[in-house]
1. Please work out the FRET efficiency for the pair B:ARG331 and A:LEU49, using the Cβ-Cβ distance as r and a Förster radius of 25 Å; give the result to the nearest 0.05.
2. Quick one: putting +1 on the C-beta of Lys and Arg, -1 on the C-beta of Asp and Glu, what dipole do you get for the protein assembly as shown around its Cα centre, in Debye to the nearest 20?
3. Report the dimensions of the protein assembly as shown along its three principal axes from the alpha-carbon atoms, largest first, rounded to Å.
4. For region B:21-132, I need the span (max minus min coordinate) of the C-alpha atoms along each principal axis, in Å, sorted largest to smallest.
5. Order by neighbour count: B:CYS225, B:CYS372, fewest other Cβ atoms within 10 Å first, most last.
6. Hey, any idea what Rg/Rh is for region B:274-321, computing Rh the Kirkwood way over Cα pairs?
7. Among DSSP bridges having both ends in chain B, what percentage is antiparallel? Round to the nearest 5.
8. Across bins of 10 angstrom width beginning at 0, how are the C-alpha pair distances of region B:201-275 distributed, in whole percent?
Amino acid sequence: MNHTIPEIQAEIVDEFSMLNDWVEKYEHLIDLGNNLRVIDESERKDENLIKGCQSRVWLHAKQKDSKVHYTADSDALITKGIIALMLRVFDNQPSDEIMKASLDFIDKIGLKEHLSPNRANGLLSMVKQIKFYALALQAKSV
Amino acid sequence: MEGSSLKEKTNINITSIREAFPILKRKVNGKNLIYLDNAASSQKPLSVIDAISEYYSNEHSNVHRGVHYLSQLATEKFEIARSKISTYINAAETRELIFTKGTTDSINLVANSLGRTLQAGDEVLITEMEHHSNIVPWQIAVNDHGAKLVVARIHDDGSLDLEDFYKKLSPKTRISSLVHISNALGTINPIKEIAKAVHEYGGLLLVDGAQSAHHMKVDVQKLNCDFYVGSGHKMYGPTGIGFLYGKAHLLEKMHPYQSGGEMIADVTFEKTTYQQLPFKFEAGTPNISGAIGLGAAVDFIQSIGIEKITEAESELLNYIQLKLSEVDGIRFIGTAKEKAGVVSFLIDGVHPYDIGAIIDKMGVAVRTGHHCTQPLMKRLNIPGTVRASLAVYNSKQDIDILTESVIRASKMLRK
């Protein structure tokens, strides 16, 4: 059964609560980043690029049935790890659920600095873009 | 290799210098703060913090206007600060020192004011290693007046290609604007020699001193540059204050940049006449506390001695390069022979952002990214770098911890 966005966020918080310190958390993030599904080269194009001044993020979305499917990538590994978490939360969810979701797990697992505008790593814009895609795909399908 | 071949840092008392900076006692992420982001902004000694606090506690009023006691006191303090800074860079006259918001503001002032006199066919010569704030104001100025921006190349080691620079100089060159010490690479440019060449063609030279004013002795008369600009917050002073030095005869001819209070002599609805230098370029109530704080920062630098600071930082630069060479897969970006305390590097197969994010967890503050020099990063064909930049309070121990942290981060990232 497909889990809801709040359920997945709770799972991630649980998963991270078992890690003892920042080293273990970052090692886990790095593993997630390394295991993130490689996106098609065709999706790694400028149109899908979210510009951060430090690391770059590519995000692509398409609709299948009533769900939104996301693929994403980054040139930085930690950013990729966080992307893996975001995709776990948002991929294959209904667009209305995506639009109303509040993304509180990042703060709860102690990684909120990566969503600070100061980091300029593209993640904050990625969250906006994820929601924007959901809105756009929903509008298109009505 | 370990330290023994290197001279110990004996010429300055690092312990007492560190004592002067309250922030260095704090912890970051549970670790002692190792602050190596000084090219972005340096920390402040207590004497600067106290000077600002004393000003607001006991001396504040508006300047240059009131006949009352406090206004005169504030004006006196403000003008003493101006005099300290102009003496520090050896300006011929105090009125040649204009207070601004910082380097960016100073360059905008010159690009706007002098920019008004640009004509079609004129050229502004910059270099590939400039900070965005020494590119964009000139881009706007040349576009507004049909002039042309010309860019001199750099060598792969990050030094200026002087041959190319001289080739691009011509009677069309109205102004050349270039950085004294590159914020991204640490390259020191030979300003004296460049000034001579620019003047031979009848052009003017602006020097972006954001990274040099506090690292080396700057004598604007010896350099013979026409303008020299700097930021208070990079030289142990407060944010929001900086300066523009300009030769008096040039500033006198230049049109005001911003207008309003303070900068006028007489106003009628038909016509306004402007104040004398330096006030002509200081519209509105100035950043009085900032200027006083910057004056205190100059006192701080002089209490140690700028020559001693240069020597100590140069020794530390050798040490940091030596230590970081131990890191597997490291590549230094910017290896010019003449170099100040900035070390930019990349590690094979590792993104700079990842290094920066991990060593932050170890209490080490460095900068990662393009350092506001996107065209330079493009020229070097890199996404950005990790940059450690030095200040007077950095110790060899800081460098040891940086090195250990970078080694540990690379191991985590390459597993």
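Every read-out reported here was derived from the displayed coordinates using simple, explicitly stated rules and does not represent laboratory data. Please read these numbers as outputs of a predicted model, since none were measured by experiment. FYI the Cβ positions are ideal-geometry reconstructions off the backbone, even for glycines, and counts take in every protein chain you see.
1. 0.45
2. Computed charge dipole of the protein assembly as shown: roughly 400 debye.
3. 78, 64, 56
4. Principal-axis extents of region B:21-132 (Cα, largest first): 55, 50, 23 Å.
5. B:CYS372, B:CYS225
6. 1.27
7. Details: 29 of 48 bridges.
Once the DSSP bridges in chain B are tallied, antiparallel ones form about 60 percent.
8. Reading the bins upward from 0: 16, 37, 30, 15, 2.
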